[in-house]
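Scroll down for the structure; my scribbles are underneath it.
The values are calculated or read from the model by the stated rules, or taken from the named source; none is laboratory data. Since this is a predicted model, take the numbers as computed values, not measurements. Here the Cβ positions follow ideal geometry from the backbone for every residue, glycine too, while neighbour counts run over all protein chains shown. These accessible areas exclude ligands, DNA and RNA; they are computed on the full protein's heavy atoms, side chains included. Shrake-Rupley method; radii C 1.70, N 1.55, O 1.52, S 1.80 Å.
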Amino acid sequence: MTDSLILIDHKFKDRLGSIRQVPGWKAAADSSGIWLKGPVNNGVFQTALNSLPATATYLVDEKGRLFPRGKQTPVGLLAEMPWQLLADYIPVELPVSAMPGETKLKVQLALKRSSVEREIYALKTTVKDWKSYAQTAPAIRLQQLRFAVSEKKEVLVLGAPLPVLRGKFYWLNNHFLLPAGFDFDPPVLADLLPHNDDLTLFDEGGKTEILPAAAFASAGRSVIRLLEG
(Lines give C-alpha, C1' and ligand atoms only; values in the text may rest on other atoms or scores of the structure.)
Protein backbone atom coordinates (compact mmCIF):
# COMPACT_ATOMS: atom_id res chain seq x y z
CA MET A 1 0.00 0.00 0.00
CA THR A 2 1.27 3.47 -0.85
CA ASP A 3 -0.96 5.91 1.05
CA SER A 4 -3.61 6.36 3.68
CA LEU A 5 -6.95 7.93 2.76
CA ILE A 6 -9.39 9.70 5.06
CA LEU A 7 -12.84 10.88 3.98
CA ILE A 8 -14.61 13.56 6.02
CA ASP A 9 -17.84 15.49 5.51
CA HIS A 10 -17.63 18.96 3.95
CA LYS A 11 -19.03 20.50 7.14
CA PHE A 12 -15.87 19.52 9.02
CA LYS A 13 -13.47 21.46 6.77
CA ASP A 14 -12.68 23.81 9.65
CA ARG A 15 -11.23 20.86 11.56
CA LEU A 16 -8.41 20.50 9.05
CA GLY A 17 -6.53 23.40 10.59
CA SER A 18 -5.25 21.02 13.25
CA ILE A 19 -3.37 18.95 10.61
CA ARG A 20 -2.40 21.72 8.19
CA GLN A 21 1.31 21.24 8.84
CA VAL A 22 1.43 17.43 8.81
CA PRO A 23 4.10 16.55 6.21
CA GLY A 24 3.11 14.82 2.99
CA TRP A 25 -0.68 15.17 3.23
CA LYS A 26 -2.91 16.47 0.45
CA ALA A 27 -6.61 17.23 0.09
CA ALA A 28 -9.25 17.13 -2.65
CA ALA A 29 -13.02 17.34 -2.62
CA ASP A 30 -15.93 15.78 -4.50
CA SER A 31 -19.62 15.25 -3.85
CA SER A 32 -18.94 12.61 -1.20
CA GLY A 33 -16.81 14.88 0.97
CA ILE A 34 -13.23 15.98 1.50
CA TRP A 35 -10.57 13.37 0.77
CA LEU A 36 -7.24 13.45 2.59
CA LYS A 37 -4.27 11.47 1.29
CA GLY A 38 -0.90 10.97 2.91
CA PRO A 39 1.72 8.61 4.35
CA VAL A 40 0.70 5.48 6.24
CA ASN A 41 3.05 6.23 9.14
CA ASN A 42 2.99 9.75 10.59
CA GLY A 43 4.87 9.51 13.86
CA VAL A 44 3.89 12.21 16.37
CA PHE A 45 1.20 13.53 14.00
CA GLN A 46 -0.82 10.30 13.96
CA THR A 47 -2.93 11.27 16.98
CA ALA A 48 -4.09 14.47 15.28
CA LEU A 49 -5.02 12.54 12.12
CA ASN A 50 -6.89 9.90 14.12
CA SER A 51 -8.93 12.61 15.87
CA LEU A 52 -10.55 13.77 12.61
CA PRO A 53 -14.29 12.95 12.26
CA ALA A 54 -13.73 10.41 9.48
CA THR A 55 -16.62 9.04 7.43
CA ALA A 56 -14.33 6.30 6.08
CA THR A 57 -10.66 5.38 6.05
CA TYR A 58 -8.80 3.40 3.41
CA LEU A 59 -5.41 2.30 2.20
CA VAL A 60 -4.72 2.89 -1.48
CA ASP A 61 -2.20 1.03 -3.66
CA GLU A 62 -0.22 2.22 -6.67
CA LYS A 63 -3.16 1.33 -8.96
CA GLY A 64 -5.55 3.54 -7.01
CA ARG A 65 -7.49 0.64 -5.53
CA LEU A 66 -9.23 1.37 -2.22
CA PHE A 67 -8.84 -1.10 0.62
CA PRO A 68 -10.81 -0.63 3.86
CA ARG A 69 -8.39 -0.81 6.77
CA GLY A 70 -7.81 -4.39 7.85
CA LYS A 71 -9.23 -5.82 4.60
CA GLN A 72 -7.39 -7.37 1.66
CA THR A 73 -10.13 -6.95 -0.93
CA PRO A 74 -10.48 -3.59 -2.72
CA VAL A 75 -13.90 -1.93 -2.73
CA GLY A 76 -13.35 0.59 -5.50
CA LEU A 77 -10.96 2.92 -7.29
CA LEU A 78 -9.85 6.36 -6.19
CA ALA A 79 -11.26 8.93 -8.61
CA GLU A 80 -9.05 11.44 -10.38
CA MET A 81 -9.15 14.67 -8.39
CA PRO A 82 -7.13 17.91 -8.26
CA TRP A 83 -5.03 17.24 -5.15
CA GLN A 84 -3.55 20.14 -3.21
CA LEU A 85 -1.09 20.24 -0.34
CA LEU A 86 -2.95 20.89 2.88
CA ALA A 87 -1.10 24.17 3.35
CA ASP A 88 -2.58 25.37 0.03
CA TYR A 89 -6.01 23.80 0.54
CA ILE A 90 -6.39 25.54 3.91
CA PRO A 91 -5.01 29.09 3.59
CA VAL A 92 -3.75 30.64 6.81
CA GLU A 93 -6.22 33.01 8.39
CA LEU A 94 -5.05 34.89 11.42
CA PRO A 95 -7.39 33.88 14.27
CA VAL A 96 -8.72 37.05 15.90
CA SER A 97 -11.69 37.64 18.19
CA ALA A 98 -11.86 33.98 19.09
CA MET A 99 -12.50 34.82 22.74
CA PRO A 100 -15.38 37.32 22.70
CA GLY A 101 -15.86 37.43 26.44
CA GLU A 102 -19.63 37.06 26.37
CA THR A 103 -21.55 34.38 28.20
CA LYS A 104 -23.62 32.10 25.97
CA LEU A 105 -24.84 29.60 28.53
CA LYS A 106 -28.12 30.61 30.13
CA VAL A 107 -27.59 28.68 33.36
CA GLN A 108 -25.02 29.86 35.90
CA LEU A 109 -22.75 26.94 36.65
CA ALA A 110 -20.65 26.62 39.77
CA LEU A 111 -17.10 25.37 39.99
CA LYS A 112 -15.34 24.12 43.10
CA ARG A 113 -11.74 23.38 43.95
CA SER A 114 -10.66 19.81 43.29
CA SER A 115 -7.72 17.80 44.61
CA VAL A 116 -7.82 15.45 41.62
CA GLU A 117 -4.84 15.91 39.31
CA ARG A 118 -5.83 16.50 35.68
CA GLU A 119 -3.77 16.61 32.50
CA ILE A 120 -3.34 20.22 31.42
CA TYR A 121 -4.68 20.92 27.92
CA ALA A 122 -4.74 24.72 27.47
CA LEU A 123 -2.85 27.86 28.44
CA LYS A 124 -4.06 31.46 28.33
CA THR A 125 -1.16 33.88 28.06
CA THR A 126 -0.22 37.17 26.39
CA VAL A 127 0.61 37.75 22.74
CA LYS A 128 3.99 39.12 23.81
CA ASP A 129 4.96 35.99 25.75
CA TRP A 130 3.59 33.70 23.02
CA LYS A 131 5.59 35.44 20.29
CA SER A 132 8.72 35.39 22.41
CA TYR A 133 8.35 31.65 22.98
CA ALA A 134 7.69 30.93 19.30
CA GLN A 135 10.88 32.69 18.18
CA THR A 136 13.12 30.02 19.70
CA ALA A 137 10.84 27.01 20.26
CA PRO A 138 11.70 23.86 18.25
CA ALA A 139 9.42 23.45 15.23
CA ILE A 140 8.37 19.99 16.42
CA ARG A 141 7.05 21.54 19.65
CA LEU A 142 5.04 24.17 17.79
CA GLN A 143 3.55 21.55 15.47
CA GLN A 144 1.76 19.97 18.44
CA LEU A 145 -0.05 23.21 19.30
CA ARG A 146 -3.01 25.28 18.11
CA PHE A 147 -3.90 28.80 19.17
CA ALA A 148 -6.46 31.58 18.96
CA VAL A 149 -6.16 35.28 19.77
CA SER A 150 -8.61 37.74 21.28
CA GLU A 151 -8.88 41.48 20.72
CA LYS A 152 -7.60 41.86 24.29
CA LYS A 153 -4.23 40.49 23.10
CA GLU A 154 -4.74 37.24 24.97
CA VAL A 155 -3.73 33.93 23.41
CA LEU A 156 -5.28 30.57 24.18
CA VAL A 157 -2.91 27.72 23.33
CA LEU A 158 -4.12 24.11 23.01
CA GLY A 159 -2.10 20.91 22.87
CA ALA A 160 0.69 19.01 24.60
CA PRO A 161 3.26 19.57 25.78
CA LEU A 162 2.32 23.20 26.51
CA PRO A 163 5.00 25.86 26.87
CA VAL A 164 5.86 26.94 30.39
CA LEU A 165 4.75 30.57 30.24
CA ARG A 166 3.04 33.02 32.55
CA GLY A 167 -0.72 32.67 32.42
CA LYS A 168 -3.65 30.45 33.38
CA PHE A 169 -3.82 26.72 32.73
CA TYR A 170 -6.92 24.66 31.93
CA TRP A 171 -7.90 21.01 31.60
CA LEU A 172 -10.40 19.54 29.16
CA ASN A 173 -13.63 17.98 30.44
CA ASN A 174 -15.64 16.88 27.39
CA HIS A 175 -15.65 20.15 25.39
CA PHE A 176 -15.33 22.34 28.49
CA LEU A 177 -12.05 24.00 29.49
CA LEU A 178 -11.94 24.29 33.28
CA PRO A 179 -9.28 26.14 35.31
CA ALA A 180 -6.57 23.86 36.68
CA GLY A 181 -7.50 22.78 40.19
CA PHE A 182 -11.26 23.22 39.65
CA ASP A 183 -14.16 20.97 38.63
CA PHE A 184 -17.92 21.29 38.17
CA ASP A 185 -20.08 21.28 41.28
CA PRO A 186 -21.25 18.54 41.06
CA PRO A 187 -18.74 16.89 38.65
CA VAL A 188 -21.53 14.97 36.87
CA LEU A 189 -22.58 18.23 35.17
CA ALA A 190 -19.93 17.66 32.48
CA ASP A 191 -21.92 14.68 31.19
CA LEU A 192 -25.28 16.47 31.32
CA LEU A 193 -24.47 19.74 29.56
CA PRO A 194 -24.99 19.94 25.78
CA HIS A 195 -21.89 20.56 23.65
CA ASN A 196 -20.66 20.55 20.05
CA ASP A 197 -17.29 20.95 18.34
CA ASP A 198 -16.80 24.38 19.92
CA LEU A 199 -15.01 24.76 23.24
CA THR A 200 -16.46 26.50 26.29
CA LEU A 201 -13.92 28.25 28.50
CA PHE A 202 -14.80 28.68 32.18
CA ASP A 203 -13.28 31.00 34.74
CA GLU A 204 -13.20 30.24 38.47
CA GLY A 205 -16.50 32.05 38.99
CA GLY A 206 -18.38 30.00 36.40
CA LYS A 207 -18.49 32.65 33.64
CA THR A 208 -18.04 31.27 30.14
CA GLU A 209 -16.67 32.14 26.72
CA ILE A 210 -17.54 30.16 23.57
CA LEU A 211 -14.52 29.39 21.41
CA PRO A 212 -15.39 28.27 17.86
CA ALA A 213 -13.33 25.34 16.61
CA ALA A 214 -12.64 27.25 13.38
CA ALA A 215 -10.94 30.06 15.31
CA PHE A 216 -7.86 27.97 16.14
CA ALA A 217 -4.85 27.88 13.84
CA SER A 218 -1.82 25.61 13.81
CA ALA A 219 1.09 27.20 15.64
CA GLY A 220 3.35 27.89 12.70
CA ARG A 221 6.19 30.31 13.41
CA SER A 222 5.38 32.41 10.33
CA VAL A 223 1.76 32.86 11.47
CA ILE A 224 2.71 33.80 15.03
CA ARG A 225 5.10 36.48 13.76
CA LEU A 226 2.10 38.28 12.20
CA LEU A 227 0.47 38.85 15.58
CA GLU A 228 0.39 42.41 16.89
CA GLY A 229 1.27 42.97 20.50
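Round to a whole number: what % of the accessible area of the chain belongs to carbon and sulfur, probe 1.4 Å?
On the way: 6470 of 12500 Å².
Of all accessible area on the chain, carbon and sulfur atoms account for 52 percent.
What spacing in nm lies between the two simple spin-label points modelled at Glu80 and Val40, each 7 Å away from Cα in the Cβ direction?
The modelled label-to-label distance comes out at 2.7 nm.
Against the longest principal axis of the chain, how steep is helix 127-136, in degrees 0 to 90 to the nearest 10, with axes from Cα atoms?
The angle comes out at about 50 degrees.
What's the Kirkwood radius of the stretch 120-195 in Å, using all Cα pairs?
13.5
Expressed in nm to one decimal, what extension gain is obtained for the pair Asp191 and Asp9 from 0.36 nm per residue of sequence separation less their Cα-Cα distance? Show your work: numbers first, answer last.
On the way: separation 182, 0.36 × 182 = 65.52 nm, distance 2.60 nm.
That pair, Asp191 and Asp9, stretches by 62.9 nm at full extension.
Search the structure for amide H atoms under 5 Å from the amide H of Ala29, placed 1.01 Å from N in the peptide plane, and list their residues when 5 or more places away or on another chain.
Distant-sequence amide H within range of Ala29: Trp35.
What does the extension gain come out to for Ser222 and Asp30, with contour length at 0.36 nm per residue minus their alpha carbon separation?
Between Ser222 and Asp30, full extension yields 66.0 nm more.
I want to check the label-to-label distance for Glu151 and Val164. Put each point 7 Å from Cα in the C-beta direction and report it in nm to one decimal.
Distance between label points: 3.6 nm.
Put a dot 7 Å past each Cα toward the Cβ at Ala87 and Lys63; how far apart are the dots in nm?
3.5
Write down the accessible area per residue of the chain in Å², having rolled a 1.4 Å probe over the full set of protein chains. Walk me through the numbers before you get to the answer.
Working: 12500 Å² over 229 residues.
The answer is 55 Å² per residue.
Mind grabbing the accessible area of Thr47 for me, 1.4 Å probe, Å², rounded to tens?
Approximately 110 Å² of Thr47 is accessible to the 1.4 Å probe.
Could you tell me the calculated FRET efficiency between Val116 and Ser51, based on Cβ-Cβ distance and R0 = 30 angstrom, to the nearest 0.05?
On the way: r = 24 Å, r/R0 = 0.81.
In this case the efficiency is close to 0.80.
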